[in-house]
1. When ligands, DNA and RNA are left out and all protein chains stay put, how many square angstrom of accessible area per residue does the stretch 64-147 have with a 1.4 Å probe?
2. What is the local net charge at PRO143, summed over the other residues whose Cβ is closer than 14 Å to its Cβ (Lys, Arg +1; Asp, Glu -1)?
3. Rounded to the nearest 20 debye, what is the charge dipole size of the stretch 97-193 about its Cα centre when +1 sits on each Lys and Arg Cβ and -1 on each Asp and Glu Cβ?
4. Calculate one ³J(HN,Hα) per residue across the stretch 102-109 by plugging θ = phi - 60° into the Karplus curve 6.51 cos²θ - 1.76 cosθ + 1.60, and present them in order as whole Hz with x for glycine and proline.
5. List the aspartates and glutamates whose Cα sits under 13 Å from the Cα of LYS51, skipping any in the same chain fewer than 8 residues away.
6. Sequence-distant or interchain residues sharing an amide H contact under 5 Å with GLY162, placed H: which?
7. If amide hydrogens are placed 1.01 Å from N in the peptide plane, which non-local residues have theirs closer than 5 Å to the one on VAL140?
8. So what are the ³J(HN,Hα) numbers for the stretch 130-138, from phi and the Karplus equation (6.51, -1.76, 1.60; θ = phi - 60°), rounded to whole Hz, Gly and Pro as x?
Amino acid sequence: MRFLWPELLWLLLALPLLAAAYVYVLTRRKRAVVVYPNLALARTAVGPTQKLRRHIPPLLCWLALGVALLACARPNATVTLPADTLTLILAMDVSRSMEASDVTPTRLTAAQQAARHFVEGLPSSVRLGIVSFAASATVVQPPTEDHQDMLDAIDRFELQTGTATGSGLIVALSTLLPDERANLEALLLNDPLSSFGLGAVAAPLGKAASTDAARKQEEERPAAEPGSYRNGAIILLSDGRRTTGPDPMGIARMAAKRGVRVYTVGFGTPQGGMVGGDGWSYFMQLDETTLRAIAKLTGGEYYQAASAGDLTKVYSNLTTRFSLERRDTEISALLAALAGVLLLLACLLSIRWFRR
């Protein structure tokens, strides 16, 4: 717990002084002489229950004062609260390796089924956009709150050759931050190895700003704290290594500079294996090192899923994470309310037991 006004905590020193004063008053109080008709009545009047009761209202008042003094110091605590409305971008690898049948019936089918479970579990406060990438990247579904549109987009995935992880990440980032879309994409226009492949969203976007201007603006941009962007995040799923397109680590640095978290999911095994069919085959290996580095750089997390069941669990974990979030919140009002409740309880008990 942190305090915005910690200097006011010195006021808490009044609590032990008040406690000492209370004890002093009790010891100095003169005992009144009362004549009782019988001993039983005296025992009832001064029994242990009555002795305990007379101290409870002052104790509650003392606690109420302590809680109120804490509230004056404006404490901040990390609490779990329902997440605000946010936008998620799911970037899914649809390269030919996703046709492998090591996960029944195929990796792509298993990934689609897990993604459907993810969509069905999303709270109404979450908008989801979907990007698919292979040698190029395409926005399959702009951010929407309509779960049926999300499910239909997942069903439209089509396998392609190549794996441009960086392209998938830059399109996801520009979809999450549409106001910066032109500058983000202009940074890579003169890279002959980029194969940027924006598909249906490509042509006019780079004309909004020159590459030099975009790079200068990027260099001058102050770096945000990792994970400080609270309005959304990116989920990147891949089952192989980059074969074309921009370096995903460079795109991850752009995301980190904007405070955008990227949660990465490696679908497959780090050891890899032969994948093929219909006359083609090649060795496929999960680039776990890069996926871990992207997540670490942006303040996200890396998940490894070797089966359809693992992937479903990963998405369930992410659903819970995006439904609830832990954040620093000032709890002065909560403590002030608690102090009020304690004070009210002290008054009610005093009236009920002692008629005063």
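The values are calculated or read from the model by the stated rules, or taken from the named source; none is laboratory data. Model, not experiment: these values are computed from the prediction. Cβ: placed from backbone, ideal geometry, glycine included. Neighbour counts: every protein chain shown. For the accessible areas, the whole protein counts, side chains as well, though only heavy atoms, and no ligand, DNA or RNA atoms are used. Shrake-Rupley method; radii C 1.70, N 1.55, O 1.52, S 1.80 Å.
1. I get 35 Å² per residue for this part.
2. The answer is -2.
3. Dipole size: approximately 140 debye.
4. Values, residue by residue: 5, 10, 6, x, 9, 4, 5, 4 Hz.
5. In chain and number order, there are no partners.
6. Those qualifying (amide H under 5 Å, at least 5 residues apart or on another chain) are ARG96.
7. So VAL140 has HN proximity to ILE130, VAL131, SER132.
8. These are the phi-based 3J(HN,Hα) values: 10, 10, 10, 9, 9, 6, 9, 10, 9 Hz.
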